[in-house]
Amino acid sequence: MTALDKVFDNIDANQDRVLSLTQEMVRIPSVNPKFEKKQGLNNEPLMCALVEDRLKSNGFSTETFETFPDRPNVVGTIPGNEERSLILCGHMDTVPVGNQANWVVDPFGGEIKDGKLFGRGSVDMKAGLAACIAAYEAIKAAGITLDGRLSIHGVVDEEAGGFGAMDAVKRGHLAKNAIVAEPTWDKVVPAEGGLEWVRVTLIGRSGHAGFRYNDIFPQPDVEGRLQPAVNAIEIATRFLMALKEFEAARCRTNYHPLCPPGLSTINPGVIHGGVGTDEDGLPLIRTNPAMTPDRVTLDLDLKFLPHETSANIRKEFEEFVMSFAGLDPWTKAHPPVVQWELGGLHFPPMDTPVDHPLVKSLVGHHTRLKSEPEVRGFDAVTDAAHYAGAGVDACIYGPSGDGFHGDNEYVDTASLHLTTKVIAAAVLDICGTK
């Protein structure tokens, strides 16, 4: 028997291994406290301890470190050849349950029914993390020693921007290759676009709304005339119209073969208008329509394509903003202010070649075990971006399911079994054996 045959036989003979580990994880509520903070829900430290114990019991050396207070990451390592090194990564935080009345099962029960393992975080993405661990357990149980270094990362805060993975990267936990086991529904995903959160602040001049006629209707410019106000909300209205045309032009002219047409969107997500400035840079007074607003902040979600660079995208966007400002004497003299990495959020692009050995391994083994998978780009963003941004050749591959970020989340148990086998096979291909 080949090493791969031995590993596959072990996974087939121990199908409960990955299922029971996923159940253990789902039964630990680890809701991201940035979204909902409540006694008994925010148990990332317990998740971290579970993952660390499991890694230690399989011979990994481990390191834990807090990205935020009481929110630890864990990194487990089997030492080996750096040229054949590989990271397997999964995040340990989840979004909130939402309206529990809409759930037909206990969100933290890990119930298995009709080939589905239910629970918040099951498919997004505790099952993927469990598959990574179970894949190595099968390799070890088959008596196989890897040549390359294998690391397994359990990270926090992916749902709020990936700051756990960013922290791991900053601490130097890197490798030549990485698999992020997010759900991919029988697809292999070597590309995803980048993402910037950017704030544009538009500046006006405040005044009394009762004298608005003086601002907008032509008045004799005589001595003693009241200084006209400039309404920042109206500037913002013009800016949003121009932004939509800019967005449409980008979508029409930018293309990546693995991504759907039009992916490079700019979503106006949050807007605040009013007078003055508070400590967060937002308008201070937002409750008095009798005051002409002198400040608007627009928070935008700006996506760009896998082959584009953040530096070029920022330059292009800032040139658009300055072009808009030059159309009006007021905005030319008081140009909008652009602030990047709003909230510290920034996702680099990932564009691993489709003929990369990691991609070919995942495609080949998925094809052998089931059918040829679609190779495509990811519509949203994942922690894979942070590894790719640090020079790691990364790919996303994981199980199938539904209800992620919604009601009655589940992972398909057959897909979880398949994912465990494909990831184990990729570990053997990339790391090699002694």
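Can you pull out every residue in region 380-400 that is among the small types (G, A, S), more than 16 Å from G128 (Cβ to Cβ) and surrounded by fewer than 24 Cβ atoms within 10 Å (Cβ to Cβ)? Of everything in region 380-400, those that are among the small types (G, A, S), more than 16 Å from G128 (Cβ to Cβ) and surrounded by fewer than 24 Cβ atoms within 10 Å (Cβ to Cβ) turn out to be G389, A390, G391.
For region 192-226, the tally of residues that are under 43 Å from the mean Cα position of the chain (by Cα) and part of a loop (DSSP other than H, G, I, E, B) stands at 3.
Residues satisfying the criterion are absent from region 130-139 (criterion: out of contact with any Lys or Arg (no Cβ under 7 Å at 6 or more places or on another chain), surrounded by fewer than 24 Cβ atoms within 10 Å (Cβ to Cβ) and of a type outside the set (A, V, I, L, M)).
Okay, residues lined up against (1) touching a helix residue (DSSP H, G or I) at 6+ places or on another chain (Cβ under 7 Å); (2) closer than 21 Å to L300 by Cβ:
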residue: P348; (1), (2): yes, yes
residue: D351; (1), (2): no, no
residue: V354; (1), (2): no, no
residue: S361; (1), (2): yes, no
residue: H366; (1), (2): yes, no
residue: F378; (1), (2): no, yes
residue: A388; (1), (2): no, no
residue: A394; (1), (2): yes, no
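Has region 412-424 got any residue that is part of a loop (DSSP other than H, G, I, E, B), of a type outside the set (F, W, Y) and in the same structural domain as T184 (by TED's automatic domain parsing)?
Applying the first criterion (part of a loop (DSSP other than H, G, I, E, B)) to region 412-424 yields none.
No; the residues of region 412-424 include none that is part of a loop (DSSP other than H, G, I, E, B), of a type outside the set (F, W, Y) and in the same structural domain as T184 (by TED's automatic domain parsing).
Residue-level analysis places G276 among those that are at positive phi and small (G, A, S). Can V359 be described as touching a Gly at 6+ places or on another chain (Cβ under 6 Å) and not assigned by TED's automatic domain parsing to the domain that holds R199? No, not satisfied. Might you let me know whether region 164-172 holds any residue that is among the β-branched types (V, I, T), modelled with pLDDT of 95 or more, in a helix (DSSP H, G or I) and closer than 16 Å to A385 by Cβ? Yes, region 164-172 contains at least one residue that is among the β-branched types (V, I, T), modelled with pLDDT of 95 or more, in a helix (DSSP H, G or I) and closer than 16 Å to A385 by Cβ. Of the listed requirements (1) closer than 23 Å to C395 by Cβ; (2) crowded, with 18+ Cβ neighbours inside 10 Å; (3) hydroxyl-bearing (S, T, Y), T331 misses just one: (1). When A380 is tested against the conditions (1) in the same structural domain as E182 (by TED's automatic domain parsing); (2) under 21 Å from the mean Cα position of the chain (by Cα); (3) of a type outside the set (S, T, Y); (4) modelled with pLDDT of 95 or more, the lone failure is (4). Counting only strands (runs of 3 or more DSSP E) that fall entirely inside region 227-340 and contain at least 1 residues that are free of Cβ contacts under 8 Å to residues at least 40 places away in the same chain, outside the structural domain of G389 (by TED's automatic domain parsing) and more than 26 Å from the chain's Cα centre (by Cα), the qualifying elements are 266-274.
The values are calculated or read from the model by the stated rules, or taken from the named source; none is laboratory data. From a predicted model like this one, the values you see are computed outputs, not experimental measurements. Positions of Cβ are backbone-derived with ideal geometry, glycine not excepted, and every protein chain shown enters the neighbour counts.
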